[in-house]
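Chemist: Next up is a structure, given as structure tokens.
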Amino acid sequence: MSVLQPIRPVILTGDRPTGPLHLGHYAGSLRNRVAMQHSHRQFILVADAQALTDNADNAARIRDHVVEVVLDYLSVGIDPGATVICLQSALPALAELTMLYLNLVTVARLERNPTIKTEIQMRGFGRDIPAGFLCYPLSQAADITGFRASVVPVGEDQAPMIEQTNEIVRRINRMAGRAILPEAEAVIPSAGRLPGVDGKAKMSKSLGNALSLSASAEEIAQAVKRMYTDPDHRKASDPGNVEGNVVFAYLDAFDEDVAEVADLKTRYRRGGLGDAVVKARLQAILLAMLAPIREKRMELARDRAAILDILRDGTGQARCVTQTVLEEVREGLGLFTLPG
Ligand code: TRP
């Protein structure tokens, strides 16, 4: 039988397994991955090695979340028959590519990476930044190129990583004199990032403003209740602000009835629409969306061995792919290889 398979573009994404994935991950990236898994060749990396770059003293946190993150993937609809789910630290080719890339970039360039720069400031690292953390953009470049990915769905804060990856890709292709590696494109959700329930720009477990994917009906109700709206919108009859209003940000992200949301916004702005009404709508939408995810997760969690099998199988497939790429990069760079 000769069926010509169309060559599907390769997607690679990853998540640091430092906590359960939440609604922000879902809106920002997981949904895209589910939608694209059949039109693309998709790999998802559980980035446990990268997680270690700022958790060196906290291996247990990472260890305990590897299986949890795989459960999150499967419960939102990532299909292990269509998507390869793999474990970063079990792919030595990625570590070797990282070693090679370390020689192709300067410390000055690493320090200029806007995401790294912000993190250094936020955490007050100064010069005491772990070297692994400073260099994690290269590990990420290894992840992306190790699968020859051309599409990388990520949050906007990760765009500088893709830019830095492409600099390395161009450098290697130039050195090799041929296109060994493809350039990658970041796919960033147009809606922007989902705010935390408290109105802070970022939803994050550590900020305590996240809604986890396995949230119960009770937790969803609580989160919606405390959700930040417009502090000046005291009475239903007051005109209200839609911008910066978390309830509307979530409706924009999850309500499929776009016309109805537009209408609600008009009425809210004009005055006469109370927070309670909009919140009730959002609560119903979140419940309907998250209940099947939570149920599927509970069911899958009963068979831990099956989850490990999925991860083991995916990692095996990924090992072949990444090893081949490593060999081609080594050859392209003209490195000595000890004959077998
Ligand atoms: N840095 C990403 C994050 O913190 C995780 C990640 C690791 C990743 N390797 C990747 C994302 C490769 C995209 C591609 O979310």
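Chemist: Taking the range 144-167 only, how many residues are under 15 Å from Val10 (Cβ atoms), open to solvent by less than 10 Å² (accessible area, probe 1.4 Å) and not in a loop (DSSP other than H, G, I, E, B)?
Modeler: 7
Chemist: Of the residues Tyr268, Tyr228, which is among the aromatic types (Phe, Trp, Tyr) and either outside any helix (DSSP H, G or I) or open to solvent by 80 Å² or more (accessible area, probe 1.4 Å) (or both)?
Modeler: Result of the check over Tyr268, Tyr228: Tyr228.
Chemist: May I pose another question? Within the range 38-79, how many residues are open to solvent by 50 Å² or more (accessible area, probe 1.4 Å) and of a type in the set (Ser, Thr, Tyr)?
Modeler: The total comes to 1.
Chemist: Given (1) open to solvent by less than 20 Å² (accessible area, probe 1.4 Å); (2) of a type outside the set (Lys, Arg); (3) within 11 Å of the ligand (Cβ to nearest atom), where does His22 come up short, assuming only one miss?
Modeler: If we test His22 against (1) open to solvent by less than 20 Å² (accessible area, probe 1.4 Å); (2) of a type outside the set (Lys, Arg); (3) within 11 Å of the ligand (Cβ to nearest atom), just (3) comes out false.
Chemist: Given (1) in contact (Cβ under 8 Å) with a residue 24 or more places away in the chain; (2) open to solvent by 20 Å² or more (accessible area, probe 1.4 Å), where does Lys117 come up short, assuming only one miss?
Modeler: That leaves (1) as the condition not met.
Chemist: Still on this structure: Starting from residues that are within 27 Å of Leu91 (Cα to Cα) and part of a helix (DSSP H, G or I), keep the ones in the range 293-305 and report whichever is most open to solvent (accessible area, probe 1.4 Å).
Modeler: Applying the filter and picking the extreme gives Arg304.
Chemist: Hey, another quick one. Applying the selection to the range 143-161, what residues are among the small types (Gly, Ala, Ser), more than 9 Å from the ligand (Cβ to nearest atom) and closer than 25 Å to Val107 by Cα? I'd like the intermediate steps shown before the answer.
Modeler: Here is the first cut: in the range 143-161, the residues among the small types (Gly, Ala, Ser) are 146, 149-150, 155, 159.
Of the ones still in play, those that are also more than 9 Å from the ligand (Cβ to nearest atom) are 146, 150, 159.
Once the filter is applied, which keeps residues that are among the small types (Gly, Ala, Ser), more than 9 Å from the ligand (Cβ to nearest atom) and closer than 25 Å to Val107 by Cα, the range 143-161 yields Gly146, Ala159.
Chemist: With among the aliphatic types (A, V, I, L, M), more than 16 Å from the ligand (Cβ to nearest atom) and open to solvent by 40 Å² or more (accessible area, probe 1.4 Å) as the only criterion, which of Ala95, Ala35, Ala82 stands out?
Modeler: Checking each option against the conditions leaves just Ala35.
Chemist: Quick check on this structure: which one of Leu308, Leu282, Leu251, Leu290 is in a helix (DSSP H, G or I) and either surrounded by fewer than 17 Cβ atoms within 10 Å (Cβ to Cβ) or among the aromatic types (Phe, Trp, Tyr) (or both)?
Modeler: Matching residue, one of Leu308, Leu282, Leu251, Leu290: Leu308.
Chemist: I'm trying to understand the selection: among the residues of the range 39-92, which are in a helix (DSSP H, G or I) and among the charged types (D, E, K, R)?
Modeler: Answer for the range 39-92, where residues must be in a helix (DSSP H, G or I) and among the charged types (D, E, K, R): Asp48, Asp54, Arg61, Arg63, Asp64, Glu68, Asp72.
The values are calculated or read from the model by the stated rules, or taken from the named source; none is laboratory data. As the structure is a computational prediction, the values presented were derived from the model and not from experiment. Here the Cβ is made from the backbone with ideal geometry for all residues, glycine too, and neighbour counts use every protein chain on show. In case anyone asks, the SASA skips ligands and DNA or RNA and just uses the protein heavy atoms, side chains included. Shrake-Rupley method; radii C 1.70, N 1.55, O 1.52, S 1.80 Å.
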